[in-house]
Amino acid sequence: MCGIFAYIGKNNAVTTVVQGLQRLEYRGYDSWGLAIPIQNSIEVYKTLDPLQTADITPIDVKGAMALGHTRWATHGAVNITNCHPHVSSSKQFSLVHNGIVENYQALKTQLVLQEVKFVSETDTEVIVRLIENELNQLQLKDEIQKESRLTPKDYQTAISQVFKKLEGRNTLVLICAELQLLIGIRNGSPLIAGIKPNNITADSYDELFLASDYYSFAQHTHTCLLVNDLQMICCEQNRVQLIDLHTNKSVEPDWQILERQELEHSREGFSHFMIKEIQQQWETIPRAAAVERQQLEAMIKAINNANNVFITGAGAAFFIGEQIAAMLREIAGIFATPIPAYESESYLASIEPNDVLIAISQSGETADTLNFIEQAKRKRALVASVVNMPGAMLSRLSDFAFLSYAGPEVCVLSTKSSTSQLTFGYLLAKTVIHQYESAKVEIEQLIHQLSHYFNDENLQIIESLAQKITGDNVYLLGNRHFIGAGKIGALNIKEASYIHAEAFPAGELKHGVIALIEKGTPVICFMDETNATYMTAIASEVKARGGMIIGISQQPNELFDYMLKLPVTDNSASLITHIIPCQLLAYYLAIQRGHNPDKPRNLAKSVTVI
Ligand code: G6P
């Protein structure tokens, strides 16, 4: 939540930062803004207009340095005053923030008692005022020592003092105009640096990027520094210094070359990223299937040694986790308990040393998931993770770190990253029973069939069904592996169309759900050859109450009012693709209702606050 992008270098800083923010827009799109040092003062530009169509011609500045932020509002309404960057009273420095200062009210009360004035409702402004206070005190000291102005060291001291007072997961980036200084500091929320190194020393640069994720600057460089929690990165005069806040001492930056993946950030002729990313899945699933057998076997060894196996994630990633748990159960006979990351407290007592906790996450920076992982590691559990974003904290904390290689997913809804995660789960389950090679063959066949699924005729069927769904409720029913597919489908429909969609195990129907069925209520029933008899009975009970039956199936059934084809069934890897028809239905429902499915209201793709 909230995206940060800063740049120093020879190119136009404003253009570079705006392009970076456009790639980070998935983190929040309530407002965005820039801070640009001009001579000895900070100039700020803020707007509520969309980033993708940003007109930057009025910002006629060709500076070498700029700081940008795209906001997902936590404290304070969506308006220009609350928009970042926030600027100091003297206009000497400006800062942006990602996270929540959990103790901001107490800090603000102290400042108000000292008659400090606030202009915004944000927790971020509290940080600005605290840093101002620290700098004022340091300036007084400097004057006594006959120093005429604040130094970079003063800024480092002030920021680290203030940062240590903040509770919660936070990342700050600050620029100082007079000193041409850029400082970033993190604890819990993401921060990654990239440089185009120059030839002088390994950590001096021609261009520097400081951002919330790697993909936002990966078209410029792959040389990255993963800033760790309680580290501060200081960039001035083409040099980078990394400071450990525990010791207040410099540490050697560990520059590394990150993955070079597909980085295309355009819709490539598609009307939305969502439909592009759905149709890319026949290309992204094979990339996820490239996971090496030895890597899986090392993890399986740990699973075999563990008393308990848990699987976690949040949002769509948790539902995928439940699906993977079902694959492990049904294919490999391994019982993995799914735990929503935000409910970890209730399970912590059950975690023992050497237990394995599998974490699923597209971003690898979800606060709830990281929080759970950190607690489990303190109990000496081993962590395995499946993450899409290279360089993420979750991978760094993992004993077994897998990447899902889906490439940048711009739409807020998880589509191609979900099937990549399921591909990992399927290969893991099959490797447990020594069927890695045959699973790879199944996945190859699956991809071949999937490549034919996105044809015009099929898309039109789904689009015209979306026009028939006019009410406010949709229910989804299935059993076994379809329970998870239903939950993910319901989430996709809710997020994209704002229709209340809810999935139930089909067995729940007679125990309460049936009371919801009225004439014309749309009910999606998942059916394949494993459950046709059972689901036919369920569908008839719904139909008898007037429900409108939408079958998601390969085979027609006389009970279906409408049918959406499952992409594949005659292949046991088809479990990976069962979620695709609902992705498409969610997309067309959004379009039908005039919503932008790439940016659903109120949501952000990466939730780095609790
Ligand atoms: C948010 C997003 C979901 C995503 C979830 C977990 O809720 O809207 O699409 O599944 O966060 O994100 P992660 O990055 O951990 O997969």
_Among the listed residues Ile517, Ile538, Ile591, identify the single one that is aliphatic (A, V, I, L, M), outside the structural domain of Gln279 (by TED's automatic domain parsing) and within 26 Å of Phe273 (Cα to Cα)._
Ile591
*Among (1) within 14 Å of the ligand (Cβ to nearest atom); (2) of a type in the set (Gly, Ala, Ser); (3) in a loop (DSSP other than H, G, I, E, B), where does Gly407 come up short?*
(1)
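Look at region 569-579 and say how many of its residues are surrounded by fewer than 20 Cβ atoms within 10 Å (Cβ to Cβ) and either within 12 Å of the ligand (Cβ to nearest atom) or touching a residue at least 60 places away in the same chain (Cβ under 8 Å) (or both). Spell out how you get there, then give the answer.
Step one: filter region 569-579 for residues surrounded by fewer than 20 Cβ atoms within 10 Å (Cβ to Cβ), giving 569-572.
Keeping just the survivors that are either within 12 Å of the ligand (Cβ to nearest atom) or touching a residue at least 60 places away in the same chain (Cβ under 8 Å) (or both) gives 571-572.
So the count comes out to 2.
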*Test: Asn82 is within 25 Å of Asp213 (Cα to Cα), touching a Gly at 6+ places or on another chain (Cβ under 7 Å), not assigned by TED's automatic domain parsing to the domain that holds Asp368 and not hydrophobic (A, V, I, L, M, F, W, C)*: yes
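Take the conditions assigned to a helix (DSSP H, G or I), in the same structural domain as Thr312 (by TED's automatic domain parsing) and either in contact with a Cys (Cβ under 6 Å, 6 or more places away or on another chain) or closer than 20 Å to Ala326 by Cα (or both) and apply them to Lys487. Does it pass?
no
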*Being closer than 17 Å to His69 by Cα and among the polar types (S, T, N, Q) narrows it down to one of Thr157, Thr151, Thr124, so name that one.*
Thr124
*Run Cys582 past the list (1) within 16 Å of the ligand (Cβ to nearest atom); (2) under 30 Å from Ile443 (Cα atoms); (3) free of Cβ contacts under 8 Å to residues at least 40 places away in the same chain and report the number of the one that doesn't hold.*
(3)
*Specify which of the listed residues (Lys543, Lys605) is within 16 Å of the ligand (Cβ to nearest atom), outside the structural domain of Ser363 (by TED's automatic domain parsing) and either among the aromatic types (Phe, Trp, Tyr) or surrounded by 17 or more Cβ atoms within 10 Å (Cβ to Cβ) (or both).*
Lys605
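Taking the criterion of being touching a helix residue (DSSP H, G or I) at 6+ places or on another chain (Cβ under 6 Å) and acidic (Asp, Glu), would at least one residue in region 459-466 satisfy it?
The answer is yes; a qualifying residue exists.
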_strands (runs of 3 or more DSSP E) enclosed by region 41-118 - at least 3 residues per element that are under 21 Å from Pro190 (Cα atoms)_ = 65-71, 93-99
_Some residue of region 518-529 being at pLDDT 95 or above and touching a Pro at 6+ places or on another chain (Cβ under 7 Å)_ = no
*Is it true that some residue in region 438-461 is closer than 21 Å to Val309 by Cβ and either of a type in the set (Gly, Ala, Ser) or in the same structural domain as Ile278 (by TED's automatic domain parsing) (or both)?*
yes
*Can you pull out the residues in region 349-396 that are within 15 Å of Asp229 (Cβ to Cβ), charged (D, E, K, R) and either more than 9 Å from the ligand (Cβ to nearest atom) or at pLDDT 95 or above (or both)?*
Glu374, Lys377, Arg378, Arg396
_Failed item, numbered, when Ser497 is tested on (1) in contact with a Lys or Arg (Cβ under 7 Å, 6 or more places away or on another chain); (2) of a type outside the set (A, V, I, L, M); (3) within 16 Å of the ligand (Cβ to nearest atom); (4) at pLDDT below 95_ = (4)
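Please go through region 186-208 and give me each residue that is within 20 Å of the chain's Cα centre (by Cα) and either more than 17 Å from Arg396 (Cα to Cα) or not in a loop (DSSP other than H, G, I, E, B) (or both), ordered by number. Show your work before the answer.
Quick first cut of region 186-208, residues within 20 Å of the chain's Cα centre (by Cα) only: 186-194.
Answer for region 186-208, where residues must be within 20 Å of the chain's Cα centre (by Cα) and either more than 17 Å from Arg396 (Cα to Cα) or not in a loop (DSSP other than H, G, I, E, B) (or both): Arg186, Asn187, Gly188, Ile192, Ala193, Gly194.
I need a count of the residues in region 369-380 that are in contact (Cβ under 8 Å) with a residue 12 or more places away in the chain and surrounded by fewer than 23 Cβ atoms within 10 Å (Cβ to Cβ).
Step one: of region 369-380, the residues in contact (Cβ under 8 Å) with a residue 12 or more places away in the chain are 369-377, 379-380.
Of the ones still in play, those that are also surrounded by fewer than 23 Cβ atoms within 10 Å (Cβ to Cβ) are 371, 374-375, 377, 379-380.
Here the count works out to 6.
If you check Leu428, Leu465, which single one turns out to be closer than 23 Å to Gln362 by Cα and either within 16 Å of the ligand (Cβ to nearest atom) or modelled with pLDDT of 95 or more (or both)? Give the steps one after another, and end with the answer.
Working: Leu465 fails: closer than 23 Å to Gln362 by Cα.
Exactly one of Leu428, Leu465 is closer than 23 Å to Gln362 by Cα and either within 16 Å of the ligand (Cβ to nearest atom) or modelled with pLDDT of 95 or more (or both), namely Leu428.
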*Only one of (1) more than 34 Å from the chain's Cα centre (by Cα); (2) in the same structural domain as Leu210 (by TED's automatic domain parsing) is not met by Val96, so which one is it?*
(1)
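For region 3-15, does any single residue satisfy the condition of being of a type in the set (A, V, I, L, M) and either over 22 Å from Gln219 (Cβ atoms) or touching a Leu at 6+ places or on another chain (Cβ under 6 Å) (or both)?
If we filter region 3-15 for residues that are of a type in the set (A, V, I, L, M), which is where we start, we get 4, 6, 8, 13-14.
Going one step further and asking which of them are either over 22 Å from Gln219 (Cβ atoms) or touching a Leu at 6+ places or on another chain (Cβ under 6 Å) (or both), we end up with 6, 8.
The answer is yes; a qualifying residue exists.
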*For region 311-342, name all the residues that are more than 16 Å from the ligand (Cβ to nearest atom) and not small (Gly, Ala, Ser).*
Met327, Leu328, Arg329, Glu330, Ile331, Ile334, Phe335, Thr337
*Any pair with Cβ under 7 angstrom, 6 or more apart, that starts in region 341-366 at a residue that is within 14 Å of Arg378 (Cβ to Cβ) and ends at one that is assigned to a strand (DSSP E or B) and among the hydroxyl-bearing types (Ser, Thr, Tyr)*: Leu357/Thr312
_Just to be sure before I move on: is Ile549 modelled with pLDDT of 95 or more, more than 16 Å from the ligand (Cβ to nearest atom) and in contact with an Asp or Glu (Cβ under 9 Å, 6 or more places away or on another chain) in the structure I sent?_
yes
_Take Glu345 and tell me if it is within 16 Å of the ligand (Cβ to nearest atom) and not hydrophobic (A, V, I, L, M, F, W, C)._
no
*Of the conditions (1) closer than 19 Å to Ile278 by Cα; (2) among the hydroxyl-bearing types (Ser, Thr, Tyr); (3) away from the ligand (no atom under 16 Å from the Cβ), Thr470 fails just one. Which one is it?*
(1)
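The values are calculated or read from the model by the stated rules, or taken from the named source; none is laboratory data. Remember, predicted model here, so these are calculated numbers, not experimental data. For neighbour counting, all protein chains shown are included, and Cβ atoms are generated from backbone atoms with ideal geometry for every residue, glycine included.
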